[in-house]
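Peer 1: Mind looking over this structure? Questions follow.
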Amino acid sequence: MPTQWKRSPEQLHKTYIANTEAFYKTAGRGLAGQMDEFCTACALQLFARSACLTEEHAEALNAIYSKGAQPPKWLLWALTSAVADSGAFLPPLFFWSLTEQDAKRGTDCSRVFVRMLTNILLCLAAVDDDVTYAEAEYITECADKLTALCDSAGVKKGKPGLRAADFVTSAQPSFLEKNPPQAAGQTGSAQGQGQDKAAGEAPAEKPDLDALMAELDGLVGLEEVKKNVKSMMNLVKVRQLRRDNGLPVPPLSLHMVFLGNPGTGKTTVARLVGGLYAAIGALTKGQLVEVDRSGLVAGYVGQTAIKTQEVIASALGGVLFIDEAYSLASGGENDFGREAIETVLKAMEDHRDELVVIVAGYTGPMEKFLDSNPGLESRFNKYIFFDDYDGEELNAIFHMQCKKNGYELDEEAEAFAREFFDQMYAGRDENFGNGRDVRNQFEDMVVRQADRVAAMEAPSKEDLVRFTKADFLPEEDPAETKSLE
């Protein structure tokens, strides 16, 4: 029986754009990339419930992209493999934040999202002119899980979405029921081999090892950090050589603890570590997924594990970087942060060859954090300390900012800069932000320089790019100066 939801690829793309654009107007276009990725994952899971897979399904998947994004290039063979490997539905990470924002603001963007997703999935289910019971059940499951999160967060009620079961046209068994995945270790057909590439695209190129090493060496200061990272790289390389030569390979944990104050380059080094591990084959992708407590912990019982699992799934093949990790253990025995810790520990065990976890934060609190759970102590045995930048290093970071943005210092400003950053280092306190403070100083100077140049009658090109000593410090307020006399 034909279905009213069938669309050509062109019509499907227009439907996708119409639905997502309406959502972006309320939730923001910044979600477009995550939306496309999430809807693609849902489509793969949905197609697993279809009666068969055809070129129409591949063409439908190629229609899922937001305005301004590049169209994907799925082929049927890659789609078949990806469908066979598709997992269970998980709410997207951004949806948790969306429900929390709705609850605070009294809006219902998250419920609009549920209705929008239902419409898109019904169109995708109907690309072969049929909607199966299995497809309708999947669409209902997605809507129910998302709606439950809206309800638990206290999002105001909205108008109900469509019932997928009302549009079923076929009772045929699903594609996976007809084609169950082979058991692990079985050899597939010649056509099936090499079809485990994600996203229907060619495998991502390995990061350039030499370029990453040059970027690491180019970081200001951090000499001990660089030495430690290179030692870890050498350890991994030799371990792989031993395996290739049939020698025993001792167990090795790639997980790390980064200790130090803010602004000392911990996130930058974590990103480089992910790329370096991917370049030598220790990780498959090398991407960095950065979160803090708010990215892992939910406000309701049972939700933290799901939220944390979603983050972990996005980090597989790369590095999960948890900043200020000590905050996960700071709320007592019943705090949801404990649930996040346990979920991460389990993932480290279950995905030991495809996930590197780096926890970071101030030295004192991090030591207490690692003592809070025996599992943390046993899995994190590599500590890297990030010292504060001294005056000379702060000055070097500042000059890098200037060069990057097309600014220069006159002779007097050059001399004053050395003195200025030496004093910044000497006067640092517990709130010292290292590189962040330098970046803030640079941005303040850009504003002061703009005010100064704007007052000139005919500024030259040199005036536009030059910092002077006067740009380092704000002008004194005459009223304040007079009141102090």
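Just so you know, all these numbers are worked out from the coordinates, no wet-lab data involved. These numbers were taken from a predicted model, which means no experiment stands behind them. Here the Cβ positions follow ideal geometry from the backbone for every residue, glycine too, while neighbour counts run over all protein chains shown.
Peer 1: Using the number of other C-beta atoms within 10 angstrom as an exposure proxy, rank Ser50, Ser8 with the fewest first. Walk me through the numbers on the way to the answer.
Peer 2: Values: Ser50 27, Ser8 13.
Placing the least packed residue first, the sequence is Ser8, Ser50.
Peer 1: Can you tell me the relative contact order of the chain? Whole percent, Cα pairs under 8 Å, sequence separation 6 or more.
Peer 2: Details: 672 pairs, mean separation 64.2, N = 485.
Contact order relative to length: 13 percent.
Peer 1: If amide hydrogens are placed 1.01 Å from N in the peptide plane, which non-local residues have theirs closer than 5 Å to the one on Leu409?
Peer 2: Here the answer is Phe467, since their amide H atoms fall under 5 Å of that of Leu409.
Peer 1: Separation between the Phe385 and Ala165 pseudo-spin-labels, each 7 Å from Cα along Cα→Cβ, expressed in nm?
Peer 2: Label-label distance for Phe385 and Ala165, simple model: 6.4 nm.
Peer 1: Describe numerically, in nm with one decimal, the distance between label points set 7 Å from Cα along Cα→Cβ at Thr363 and at Leu76.
Peer 2: Label at Thr363, label at Leu76, 6.3 nm between them.
Peer 1: How far apart, in nm, are the 7 Å Cα→Cβ label points at Glu215 and Glu10?
Peer 2: 4.2
Peer 1: Next up: Counting other C-beta atoms within 10 Å, which of Cys52, Cys150 has the fewest, and how do the rest follow? Before the final figure, lay out each step's value.
Peer 2: Working: Cys52 14, Cys150 23.
Fewest to most other Cβ atoms nearby, the residues stand as Cys52, Cys150.
Peer 1: Using +1 at the C-beta of Lys and Arg and -1 at the C-beta of Asp and Glu, which of Ser314, Ala426, Leu76 has the Cα lying farthest in the positive direction of the dipole of the chain?
Peer 2: Result: Leu76, furthest along the dipole toward the positive end.
Peer 1: While we're on this one: How long are the three semi-axes of the equivalent ellipsoid for segment 9-176, computed from the Cα gyration tensor as the root of 5 times each eigenvalue, in whole Å, largest first?
Peer 2: On the way: eigenvalues 136, 66, 36 Å².
Square roots of five times the eigenvalues give 26, 18, 13 Å.
Peer 1: When only Cα pairs under 8 Å and 6 or more residues apart are kept, what is the percent relative contact order across segment 279-424?
Peer 2: Contact order relative to length: 21 percent.
Peer 1: Here's a follow-up. Per residue, what volume in Å³ does the Cα convex hull of segment 62-126 take up? Can you show the working numbers first?
Peer 2: On the way: hull volume 7.8 nm³, N = 65.
Cα-based convex hull of segment 62-126, divided per residue, equals 121 Å³.
Peer 1: Beyond 21 Å, what percent of the Cα pairs of segment 209-386 remain?
Peer 2: Working: 7544 of 15753 pairs.
I get 48 percent for the Cα pairs in segment 209-386 exceeding 21 Å.
Peer 1: Using alpha-carbon positions, what is the distance between the centroids of segment 20-41 and segment 350-402, in Å?
Peer 2: That distance is 33 Å.
Peer 1: Gap in Å between the Cα centre of segment 64-94 and the Cα centre of segment 222-274?
Peer 2: First find each Cα centre; the distance between them is then 32 Å.
Peer 1: Okay, next question. Mind jotting down the three principal axis lengths of the chain based on Cα atoms? Whole angstrom, largest first.
Peer 2: On the principal axes, the chain reaches 88, 65, 49 Å in Cα extent.
Peer 1: Right, another one. Among Val273, Val131, Val249, rank each residue by its count of other Cβ atoms within 10 Å, from fewest to most, as a rough exposure measure.
Peer 2: Working: Val273 28, Val131 31, Val249 13.
The order, fewest Cβ neighbours first, is Val249, Val273, Val131.
Peer 1: For the cross-link pairs Lys67/Lys159; Lys230/Lys368; Lys206/Lys237; Lys403/Lys461; Lys266/Lys307; Lys227/Lys404, which exceed 18 Å when the distance is taken from alpha carbon to alpha carbon?
Peer 2: Values: Lys67/Lys159 27 Å; Lys230/Lys368 28 Å; Lys206/Lys237 16 Å; Lys403/Lys461 16 Å; Lys266/Lys307 24 Å; Lys227/Lys404 26 Å.
In this structure, Lys67/Lys159; Lys230/Lys368; Lys266/Lys307; Lys227/Lys404 lie more than 18 Å apart at Cα.
Peer 1: Between Asp353 and Leu235, what length in nm is gained on full extension when 0.36 nm per residue of separation is reduced by their alpha carbon distance? Write down the numbers at each step before the final one.
Peer 2: Values: separation 118, 0.36 × 118 = 42.48 nm, distance 1.54 nm.
This chain segment gains 40.9 nm when fully extended.
Peer 1: To continue, here is another question. Any aspartates and glutamates with Cα under 15 Å of the Lys104 Cα? List them, leaving off those in the same chain fewer than 8 positions away.
Peer 2: Reachable aspartates and glutamates: Asp151.
Peer 1: Per residue of segment 319-327, in order, report the coupling 6.51 cos²θ - 1.76 cosθ + 1.60 (Karplus, θ = phi - 60°) as ³J(HN,Hα) in whole Hz, putting x for Gly and Pro.
Peer 2: Going residue by residue, I get 10, 9, 10, 9, 7, 6, 4, 4, 5 Hz, with x marking Gly and Pro.
Peer 1: Next question, about the same structure. How large is the charge dipole for segment 1-148, taken about the Cα centre, if only the Cβ atoms of Lys, Arg (+1) and Asp, Glu (-1) carry charge, to the nearest 20 debye?
Peer 2: Values: 13 positive and 18 negative charges, 130 e Å.
Here the size comes out at about 620 debye.
Peer 1: What FRET efficiency comes out for the pair Ala313/Ala454, r = Cβ-Cβ distance, R0 = 41 Å, nearest 0.05? It would help to have the intermediate numbers written out before the result.
Peer 2: Values: r = 50 Å, r/R0 = 1.22.
It comes out at approximately 0.25.
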